[in-house]
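Working notes, beginning with the structure itself.
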Amino acid sequence: MTLPVLLTLLLAAGPARADWTPDGAALAQLSRGQVHAEVHPDGDGVSGVVRGAVEIDASPEVVWRMITNCQTAGRMAPSVKSCRITTRDPGGRWDIREMIVRGGLMPSFRTEFRSDFTPLRVIRFHCTSGDIRYCRGEWRLEGLAGGRTRVTYENRASSPFPAPAIIARAAMRMDLADALRALRREAEAAER
């Protein structure tokens, strides 16, 4: 979850739906070179789920390195103050990371999460401690023709701060789109 810490800020509780894939409208956006970002409220009307996708002119290997590298977190999400791996599986199947995020108008907060890796394909993550009591989601990478990669993202999280749901969801949609554009920019630059 290196890149998406800001994507865990303000959203839902409950399990993420596995294997979300972009629908026809989202695929049309991607084919035009746009990012897709959506946020939906849960049944309680207060929380929601965030989903997004982007196509990148870089290999899955390069995109994977960008997403999993703590050192690039601040370039892709400027609100990330620090990122460090606290525990790592010697076999590379998982790690636990701590991030400190600047809250902008809100106070900074700390989150710790475990990421489980299926190399070059899936990163599943969930919060283990910190100010965000619940988060669960995943990144999926799909190799496309011509050395391109489609990245899909889904996450649900509890908010570390109280915020009106409609404002939180609008901010999350914008933050997700910005983060996916930054991932594309950084991965394409690294591919060159």
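Kindly indicate the residue of region 110-128 that is modelled with pLDDT under 95 and among the β-branched types (Val, Ile, Thr) and also nearest to Ile67 (Cα to Cα) among those meeting that condition.
The qualifying residue nearest to Ile67 (Cα to Cα) is Thr111.
If you go through region 54-83, how many residues are under 15 Å from the mean Cα position of the chain (by Cα) and not in a strand (DSSP E or B)?
Final tally of qualifying residues: 16.
Just one of Pro107, Pro90 is in a loop (DSSP other than H, G, I, E, B), more than 27 Å from Asp23 (Cα to Cα) and at pLDDT 95 or above; which is it?
Pro90
Quick check on my filter: what residues within region 73-96 are buried (at least 18 other Cβ atoms within 10 Å of the Cβ) and over 21 Å from Glu186 (Cα atoms)?
Listed by number, the list holds a single entry, Asp95.
So which residues in region 123-135 are surrounded by 15 or more Cβ atoms within 10 Å (Cβ to Cβ) and not in a loop (DSSP other than H, G, I, E, B)? Before you say what the answer is, go through the steps one by one.
Taking region 123-135 as the starting set, the residues that turn out to be surrounded by 15 or more Cβ atoms within 10 Å (Cβ to Cβ) are 123-128, 130-132, 134-135.
Passing the criteria: Ile123, Arg124, Phe125, His126, Cys127, Thr128, Gly130, Cys135.
Can you give me the number of residues within region 19-53 that are of a type outside the set (Gly, Ala, Ser), part of a loop (DSSP other than H, G, I, E, B) and either more than 17 Å from Asp178 (Cα to Cα) or at pLDDT below 90 (or both)? If you could, list the steps in order and put the result at the bottom.
Of region 19-53, the ones of a type outside the set (Gly, Ala, Ser) are 19-23, 27, 29-30, 32, 34-36, 38-42, 44, 46, 49-51.
With the extra rule that they be part of a loop (DSSP other than H, G, I, E, B), the set shrinks to 19-23, 32, 34-35, 42, 44, 46.
Add one more test, that the residue is either more than 17 Å from Asp178 (Cα to Cα) or at pLDDT below 90 (or both), and what stays is 19-23, 42, 44, 46.
Total meeting the criteria: 8.
Might you check whether a residue that is modelled with pLDDT of 85 or more, over 20 Å from Arg184 (Cα atoms) and either surrounded by 20 or more Cβ atoms within 10 Å (Cβ to Cβ) or acidic (Asp, Glu) (or both) occurs anywhere in region 62-69?
Here is the first cut: in region 62-69, the residues modelled with pLDDT of 85 or more are 62-69.
If we keep only those that are over 20 Å from Arg184 (Cα atoms) too, we end up with none.
No, region 62-69 contains no residue that is modelled with pLDDT of 85 or more, over 20 Å from Arg184 (Cα atoms) and either surrounded by 20 or more Cβ atoms within 10 Å (Cβ to Cβ) or acidic (Asp, Glu) (or both).
The values are calculated or read from the model by the stated rules, or taken from the named source; none is laboratory data. Here the structure is a predicted model, which means the values were calculated and not measured. FYI the Cβ positions are ideal-geometry reconstructions off the backbone, even for glycines, and counts take in every protein chain you see.
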